[in-house]
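A short write-up of the structure that comes next.
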Amino acid sequence: MHQRSNEEAVEKRGHLMGIGIRWAAVGVLLALVVAGLHLPDWSPDEPPVFGDRPPTRGDIASVVGIGPVDPASERAVKFATMLTQRYRDQNYAVRVILRPAGDIELRCGANMARRQMALVASQVQGDARAIFGRTFDMDLYETYAAGPKRKIAIMRMGPRGSPVLRFIVPENPPTEP
């Protein structure tokens, strides 16, 4: 009888351990699900934008030269054209313009995700700083095939000396009828 109670105790302990293992497995599964919810937003519909595609920063620097730039010069136009080509070759509707006032106008297709626009703005700013030796103010616009461009973000120097991109509310938001 004593031996039988030991066998029952071992069987009961094994049953309890099985339940514990099952609960642990459920906990691990739930932890993975929760962790999956915190993965960066990415999908095949929004492929990454690569700033190292041709023409690379080195290619642009070899064509336009390194050093300060006059925004109305041919160097500025060539810089903007080469950057525009980089993103167009990746099938992104992007246009870079170095305006005479000395700032950058970045136009992105309205169908681009905001995080892609932010990535392009950051890459353009990095290339401009590396080639021309300074940080530029930048205005970011979304553009449509027909219709006016709409200013959606600005990049300015932040309090710690690095550029900060802020998405803004449109100046004239659409009104409901």
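The values are calculated or read from the model by the stated rules, or taken from the named source; none is laboratory data. Small disclaimer: the values here were computed from a predicted structure and weren't measured. FYI the Cβ positions are ideal-geometry reconstructions off the backbone, even for glycines, and counts take in every protein chain you see.
Here are some notes:
- Residue in segment 69-80 that is surrounded by 12 or more Cβ atoms within 10 Å (Cβ to Cβ), touching a Ser or Thr at 6+ places or on another chain (Cβ under 9 Å) and either closer than 24 Å to GLY161 by Cα or modelled with pLDDT of 95 or more (or both) present: no
- Residues of segment 61-103 that turn out to be among the aliphatic types (A, V, I, L, M), within 16 Å of ALA130 (Cα to Cα) and touching a residue at least 40 places away in the same chain (Cβ under 8 Å), as a count: 5
- Residue satisfying all of: in segment 138-159; hydroxyl-bearing (Ser, Thr, Tyr) and in a strand (DSSP E or B); farthest from GLY58 (Cα to Cα) among these: THR143
- Condition check for ARG95: surrounded by fewer than 17 Cβ atoms within 10 Å (Cβ to Cβ) and in contact with a Phe, Trp or Tyr (Cβ under 9 Å, 6 or more places away or on another chain): no
- For segment 98-137, a residue qualifies if it is buried (at least 20 other Cβ atoms within 10 Å of the Cβ) and in a strand (DSSP E or B), and the qualifying residues are LEU98, ILE104, LEU106, CYS108.
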